Amino acid sequence: MIQKVDPAKGLKGVITDLPADKSIAHRAAMFAALAEGESVIYNYPDSADPQSTIACLEGLGCRIERHPDHIKIFSKGRNGLKVTQKQLDCGNSGTTMRLLSGIVAGAGLEVSLTGDASLSARPMNRVLDPLRMMGASCESSGEGRAPIRFKAHDGLKAIDYTLPVASAQVKSCVLLAGLFAGGETTVTETMPSRDHTERMLGLPVERKADGRIVISSSRSVDVKPARFRVPGDISGAAFWLVAGSLVGNAVITLNNTGLNPTRSAVTGILKRMGASITLENMQSESEPTADITVRQARLKATSLRPEEIPNAIDEIPVLAVAMCFAGGVSEIRNAGELRAKETDRIRATVSLLRSAGAEVKEFEDGFEITGNNEFRPKSTVYDTWHDHRIAMAASVMALMADAPSEILEAECVKVSYPAFFDHLDKLCVNGES
Ligand code: S3P
């Protein structure tokens with residue numbers, strides 16, 4: 001599908017139904033599968049990735065009831081999982097494949113995890129290496145690519161693992177496998193990554209004086225059935241935080257947005273750039289949330305600190321769009337992980353910015369953008385490489401052009417934000433963008 005995006009005359013309104021956070025939703029569903037009994041998850045997203053997760057859990061013997069505002073997951077618990085489908089299709093979802101690898105390996109199930117072309121090109125040795133150290137039996141295709149075939153084994157042993165990359169997916173995979181292993185498994189991170197797994201499972205977390213974080217898991221961790229509400233996705237909100245900062249006279253409120261401190265660096269980075277972002281109605285259940293209001297502001301350049309990279313990793317394409325309109329030189333380095341996402345997001349972001357006519361230098365681990373408050377992107381046709389976040393970042397760029405632009409393969413937004421273009425229509429003043 002080719003989506004036309006018109007220049008925005010204004011953006012105003014309240015988004016009351018941001019897509020639910022997929023990182024949290026995947027975990028809520030998987031942890032329900034590990035618990036014996038009935039769990040209820042409210043506001044489970046209809047986006048493709050979390051739907052892949054629940055379809056996979058059905059293939060592991062869980063019963064799932066889908067209702068309009070919640071799902072119910074019935075499970076026999078972590079020792080009652082059994083394979084009812086030989087292949088579990090993780091679709092486009094790296095989180096599904098990597099976290100499920102920890103569960104499947106832990107439970108010693110004979111099953112293959114498959115994915116679409118993008119997921120089958122992504123590196124899986126980062127989870128298979130530690131799982132093999134624990135005693136799992138798994139084979140990948142080619143150089144650590146999906147499909148991954150798991151075989152039965154004689155039981156996993158605990159390991160102490162220091163993450164070689166700042167990755168919540170790898171961290172979570174090892175901790176989940178640790179729930180099935182004899183002894184205590186620890187994962188050490190030198191750079192904090194999103195902490196939903198340890199937070200939601202209540203795992204012990206030790207913060208060392210030198211900044212390292214050590215998280216533990218073991219068989220004795222009791223995973224109980226839960227009633228859980230998934231908050232709005234800060235990664236989806238980020239597109240409106242940038243659009244609202246750029247478009248003339250914009251005022252946008254995003255209700256019930258997740259603001260986990262290991263996920264919300266995007267708000268601090270935009271504020272440092274001069275954005276007007278205010279929080280109201282802050283709540284703190286298992287995951288903190290607030291209503292966020294953004295108003296148009298004049299932006300200035302900034303550079304990201306190394307520890308901000310894992311925290312804002314999914315928001316970097318749209319932050320790069322913001323940087324084109326920020327006076328001065330902005331730099332994003334130490335972000336080589338972006339090349340291992342749904343597509344090579346360094347190449348894709350640089351290409352998006354160049355199509356718009358922005359000044360950008362590409363590095364192996366990031367880019368440098370020379371921004372300008374008067375920048376006017378060209379009206380153009382944006383390639384998206386079928387990557388949802390690139391499609392949405394390109395749409396935000398297109399709002400600032402003088403004439404309409406086109407977004408190729410725009411249906412890919414359904415991976416994380418199926419209602420994105422409906423929300424854009426709703427926010428456009430007078431129904432026009
Ligand atoms: C995720 C972790 C991040 C992020 C991805 C979701 C998660 O990936 O990019 O969209 O839910 O754990 P990495 O752990 O590979 O950095």
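One table, with the values for the structure above:
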item	result
Centroid-to-centroid separation of region 25-74 and region 219-282 [C-alpha atoms, Å]	23
Potential extension, LYS271-LYS300 segment - 0.36 nm per residue separation minus Cα distance	9.5 nm
Cleavage-rule hits, trypsin sites (Lys or Arg not before Pro), region 84-127, DSSP coil, Cβ neighbours within 10 Å at most 13	LYS86
Among 165-172, 54-61, 238-245, 224-231, the order from most to least packed when residues are scored by Cβ within 10 Å on average	238-245, 165-172, 54-61, 224-231
Loop sites in region 132-194: GluC sites (Glu not before Pro), DSSP, at most 16 other Cβ within 10 Å	GLU143, GLU184
Residue-span extension gain [THR188 to ALA121] - 0.36 nm each, minus C-alpha spacing	21.4 nm
Surrounding net charge for ALA20, when Lys and Arg each add one and Asp and Glu each subtract one, Cβ distance under 13 Å	-4
Total lysine pairs whose alpha carbons fall under 23 Å of each other in region 22-217 (8 or more apart, or interchain)	11
Contact order relative to length of the chain, as percent, for alpha carbon pairs under 8 angstrom and 6 or more apart	19
Distance (nanometres) between label positions extended 7 Å along Cα→Cβ at GLU58 and LYS151	3.1
Pair GLU139, THR278: separation of 7 Å Cα→Cβ label points (nm)	6.2
Theoretical FRET efficiency, 1/(1+(r/R0)^6), r = Cβ-Cβ of PHE74 and ASP344, R0 25 Å, to 0.05	0.05
Whole-angstrom gap from region 87-141 to region 351-396, using each part's C-alpha centre	32
Whole-number percent relative contact order across region 159-204, with pairs defined as alpha carbons under 8 Å at least 6 apart	46
Gained length - ASP425 relative to VAL329, 0.36 nm times residue gap less alpha-carbon distance	31.3 nm
Residues in region 7-44 reached by a label modelled at GLU65 [backbone nitrogen below 20 Å; 7 Å Cα→Cβ]	28-44
20 Å cut-off, amide nitrogen to a point 7 angstrom out along GLU374 Cα→Cβ, residues in region 382-413	400-403
Taking MET400, MET273, MET282 and counting other C-beta atoms within 10 Å, the order from fewest to most	MET282, MET400, MET273
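Each reported figure results from applying straightforward, stated rules to the coordinates on display, with no laboratory input. For clarity, every value in this text was computed on a predicted model and none was experimentally measured. A quick note on method: Cβ atoms are made from the backbone with ideal geometry, for glycine too, and the neighbour counts reach across all protein chains shown.
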